[in-house]
Every structure is written in structure tokens, then in C-alpha cells.
Amino acid sequence: MLLEQLKDIVGPKGWTTDPGDIQSRLTDWRGMVRGTTPIVISPVSAAEVSALVRACADAGVAIVPQGGNTGMCAGAVPDASGTQIILSLARMNAIRAVDANNFSMEVEAGCILEKIQNAAIAVDRYFALSLSAEGSCQIGGNLSTNAGGINVVRYGTARAQVLGLEAVLADGSIVSSMRSLRKDTAGYDLKQLFIGSEGTLGIITAATLKLYPQPGPISTALVAINSAGDAVRLLSFLRAEFADAIEAFELVSEYVFGLVVKHIPDTEMPLEDTAPWYVLMDVAIGGNEERLEAVLIRAAEADLLSDAVIAKNSTESEQLWHMRHAIAEAERAERKAQKHDISVPVSRLEEFLQRGEALLADLVPDAQLVAFGHVGDGNLHYNVALPEGSEDGTLVTTAIYDLVDELGGSFSAEHGIGSLKREYLPKYRSEGEIALMRTLKRALDPKNILNPGKVI
Ligand code: FAD
Ligand code: MLT
Ligand code: ZN
């Protein structure tokens, strides 16, 4: 009965129950969780989303919003009950309007991130969110997870790129704050409720995004360093030189780049000697590579780096970034490490790494650290590959999260909570925060039909 109602709302092109079509939607990108669903439903408008949610609310049936399904915490995957409906935003993929003079763009939630970046470039503007999954993740998913990526050091997370939002609530009503204003203090900032809430408070159907001027020619450098602490000191050194022109500042361990070379065709390290750590950086200094070289030489004289290569052209830059963007795929191909998407204040990163090393040596001496991340904003993917045969990594994960917490950090920096990290939320957020989160969830979704079992 409900399924027929849902099919009627979206018409014949808007649903599938074909197991072949549905397969890839039932498991997350890393294959950690597998669920099941009776139907994948794909509306084309906020009005259709509204009608679908209303029908599901009346029937008391849960909805799992799904974007590009590239999430790292299994948030877009239904549970194993076979009752939860997947609502895919894939067909809501229009760019509604671009306002170059207002530096803003209106898009539907199912727009692929790369399409948005290119639409900005087409009017000589810049959309600042960038991550390795940009060819397949959707802006709705990016906003729902408050995604980070490689440019946060300069532009902030997904949350900071939003001027307005449209969302469908659990009772089917549509709430639109699709304004394109930089200043607006009229009441509560409702859009921020939905950003980072992983589909548990509402379904995002559209957004007004903030655009920037083009940053100009980008210079890319790969730098070899002896310790992760040097990365932090190098960042301070470079900021004194380049102020906020640092567009990206990524840390990658020698082992991790080794995984990329091993698993990803046509990749090789451009530096002759190896080093324990590398920083891959982009700076927007008008293409003045002589200046970059001079600054890096001074950094070397100050013992902040041991070697460096500056990309001579965009092809070389792309090759370097290809190595970085392939990390998640290389890591998945090797074996599933225990993921820890943590952040600490940048100034405490060295202490975190030193104490983390001691902690792993004590708990699991045979484990392999798989560390990389967005060190410019204090976010490290501090992943641990446990020795073959190790059953349970909970002890290791808890010890790492405790350390992060002690240092004033977060156990969940940019990937969200989903279903995989849910058990940890009450431990690392105060009672008051958890109580308010529950109050919000109950108020906005009293029947618990929006992505139940995720986040809280
Ligand atoms: P999905 O995976 O489909 O969904 C994610 C969550 O959002 C789910 O809870 C889902 O229910 C909800 N959701 C999706 N769409 C909507 C909507 N319209 N309304 C309400 N809820 C919705 N993340 C980073 O932050 N930084 C990175 O650098 C980064 N790099 C990545 C690299 C790779 C190779 C991969 C595979 C993933 C990476 N991710 C990264 C993780 C992932 O969070 C992002 O890819 C992206 O933000 C998820 O978008 P998506 O459309 O795939 O969302
Ligand atoms: C990245 O920084 O590459 C992503 O967050 C993906 C990952 O952590 O594997
Ligand atoms: Zn990341």
C-alpha cells in the first residue's frame, strides 16, 4: 500500500525495486555495513520529497536520505530490517541560478560537487569545497555531513559555504531560507540545524552557496619533513610569509604514499630520497614560483624540511594531487584499517602524535599506523591497521579517542557520526549537549522516521 503510494508520487522513472539497481546502495563506500530496503525512491522536486515524507510519516516508515553514498560512517545505508526506504537525491541535480555579482549560486541537493565547482569557474568565480570524492559526492551529502576536505585551512568547512537552505521536515513541510545574504540576523539561523545533522533532522533539497573570487594561479609543492611536528612549525613559518594564501596543507606519512604507489597505477614519488612524512601544499601567490622556492630554501635552512619539489606546470601539480586524492582508495585496497577521523588544536598535533605512538606501541605493537590528513586545520586521519587475526579494535579506538579528548580535540572531525561512531557520541559530548541534541531530534522528528539509528 505505502509502496504504491510512493511510486505514484514520483512516477515510473522515480523508483526501483530491481535488486541489480539497488545493490550498490545497500552498502557504504568502504563496505563496513550492509543493509536492505524494499525500494529506492528518487524524487525530482521538493514538492515530491514533501509528499513522500508525508506518506512515510503517516505509515510510520523510516527514510534514509542518500546522496553519492561516499560517506565514511555508513550514514546513508539502511539497516537490516528491510523496512527502511532509501530516498535518493540523484535526480534533483539542477543548478538553479548563478549570481556572479552576488558571488552566490542556487543548487539542488543532488548536484555533484564537481559540477558546482565547474559552474563557478564558468563565471570566473570559485566554490571553495574540495575533496577526493568530488566526482561522485553530492552537495546535499556534503552539507549533511558538514564535509571538510583540502581547503578548510583557508575557507572553512561546508557549513561556511552556505548562505541559504531548503529542507523538508519530518512532517513533510518545506522550510525554505533560500536567501543569498552575507548579513541576516533575523531570528535563529535555522539552516545550520540541518548542516552536519546527517539526514536526522530534515532532508536538504536545495542550497544557496557562497562563491569566492578565483584565487589566481596556484603553486603546488611537495615537501619532505622529518617529523609531523615540523609540519606544524612549517605552517606557521609559511603563514608568516604568505598570510592566508595557503589554500591547502596536507600531511601524508611515508607509509601512506607507499600504499598509493603500490595500489594505484601510474603513480610514483617525485623525490629521490624518502622521508618519514610529507606535506603537499597549494599556495595562491600569483604563480610566483621563485618566491615560493626562496621561502622553502629559508625553511630548509631553519631545519623545517629536508627536500622539496615545486610543480613546474599544471600537469605536474595534478600528478602530485592525484597521489593525495588516491589515498582512500589505496587504503581500501590494502586492508581495512580502523579509522579515526580526529582533530586537535594544530598546536597540540605534535603532542598527539608522540603520545599516540607510545600508546599504540603499548597496546598493539604490531599495528601499522596509516596517518594522513588535513593538518592545516588540525584534522588527521589517524588510522590503525591491526595485525591479521586481531578481533576487536575497540580498545585501541577508545584509547585514541580518550587522548584526543584530553587534548581538547574531537573524535569526529569531518566524516560525521553515521551508524559507525554513534556509541562514542555520549562519551565525548557533555550530558547537557546530548540532552539538547535529543530535545532537538524529538522536536523535529517525533516519530523518529528520519534516518533512525544514525548520530543519536
Ligand atoms: P552520502 O554518503 O550519500 O550521505 C552522507 C550522510 O548524509 C548520510 O547520513 C545521508 O543520510 C545524509 N544525506 C545525504 N544527502 C542528504 C540530503 N540531501 N539531505 C539530508 N541528508 C542527506 N569527507 C570529508 O569531509 N573530507 C574529505 O576529504 C573526504 N574525502 C573523501 C574521499 C573519498 C575517496 C571518499 C569516498 C569519501 C570522502 N569523504 C570526505 C567522506 C564523505 O563524507 C564525503 O564524500 C561527502 O560529504 C558525502 O557526500 P555524499 O553525497 O556521498 O553523501
Ligand atoms: C581523505 O582525506 O582522503 C578523506 O577524508 C578520506 C579518508 O579519510 O579515507
Ligand atoms: Zn579527509
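The values are calculated or read from the model by the stated rules, or taken from the named source; none is laboratory data. No experiment lies behind these values; they were computed from the predicted model shown. Methodologically, a virtual Cβ is constructed for each residue, glycine included, from the backbone with ideal geometry; neighbour enumeration extends over all protein chains shown.
For this structure, a couple of remarks:
- Subset of the stretch 284-342 (residues that are assigned to a loop (DSSP other than H, G, I, E, B) and within 16 Å of ligand 3 (Cβ to nearest atom)): Ala326, Ala337, Lys339, His340
- Residue within the stretch 186-207 that is aromatic (Phe, Trp, Tyr) and touching a helix residue (DSSP H, G or I) at 6+ places or on another chain (Cβ under 8 Å) present: yes
- Contact map, the stretch 242-260: residues that are among the hydroxyl-bearing types (Ser, Thr, Tyr) paired with residues that are in a helix (DSSP H, G or I) and modelled with pLDDT under 95, Cβ distance under 9 Å, separation 6+ or inter-chain. Pairs shown: Ser253/Ala228.
- Of all residues in the stretch 123-181, those satisfying the criterion of being more than 16 Å from ligand 3 (Cβ to nearest atom), in contact (Cβ under 8 Å) with a residue 40 or more places away in the chain and either within 11 Å of Lys210 (Cβ to Cβ) or of a type in the set (Phe, Trp, Tyr) (or both) are Arg125, Tyr126, Phe127, Ala160, Gln161, Val162, Leu163, Gly164, Ser180.
- Every residue from the stretch 221-238 that is in a helix (DSSP H, G or I) and under 17 Å from Arg348 (Cβ atoms): Ala228, Gly229, Asp230, Ala231, Val232, Arg233, Leu234, Leu235, Ser236
Quick grid of which residues meet (1) farther than 30 Å from Asp402 by Cα; (2) in contact with a His (Cβ under 8 Å, 6 or more places away or on another chain); (3) within 16 Å of ligand 2 (Cβ to nearest atom):
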{"residue": "Ala294", "(1), (2), (3)": "yes, no, no"}
{"residue": "Asp303", "(1), (2), (3)": "yes, no, no"}
{"residue": "Asn313", "(1), (2), (3)": "yes, no, no"}
{"residue": "Arg324", "(1), (2), (3)": "no, no, yes"}
{"residue": "Glu331", "(1), (2), (3)": "no, no, yes"}
{"residue": "Glu334", "(1), (2), (3)": "no, yes, yes"}
{"residue": "Ser343", "(1), (2), (3)": "no, no, yes"}
{"residue": "Val346", "(1), (2), (3)": "no, no, no"}
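- Scanning the stretch 144-198 for residues that are in a helix (DSSP H, G or I) and either under 12 Å from the mean Cα position of the chain (by Cα) or more than 9 Å from ligand 1 (Cβ to nearest atom) (or both) yields Ser144, Val152, Val153, Arg154, Tyr155, Ala158, Arg159, Ala160, Gln161, Lys191, Gln192, Leu193.
- Of the residues making up the stretch 27-73, those that are more than 8 Å from ligand 1 (Cβ to nearest atom), in contact with a strand residue (DSSP E or B) (Cβ under 8 Å, 6 or more places away or on another chain) and over 22 Å from Lys7 (Cβ atoms) are Thr27, Val33, Arg34.
- Subset of the stretch 401-450 (residues that are in a helix (DSSP H, G or I) and touching a strand residue (DSSP E or B) at 6+ places or on another chain (Cβ under 6 Å)): Val404
- Filtered by the rule that a residue be small (Gly, Ala, Ser), in a helix (DSSP H, G or I) and within 16 Å of ligand 3 (Cβ to nearest atom), the stretch 343-387 gives a lone residue, Gly376.
- The residues of the stretch 120-143 that are more than 10 Å from ligand 1 (Cβ to nearest atom), of a type in the set (A, V, I, L, M) and within 21 Å of His325 (Cβ to Cβ), listed by number, are Ala120, Ile121, Ala128.
- One residue from Ala308, Ala328, Ala333, Ala337 being within 16 Å of ligand 1 (Cβ to nearest atom) and under 15 Å from Glu250 (Cβ atoms): Ala328
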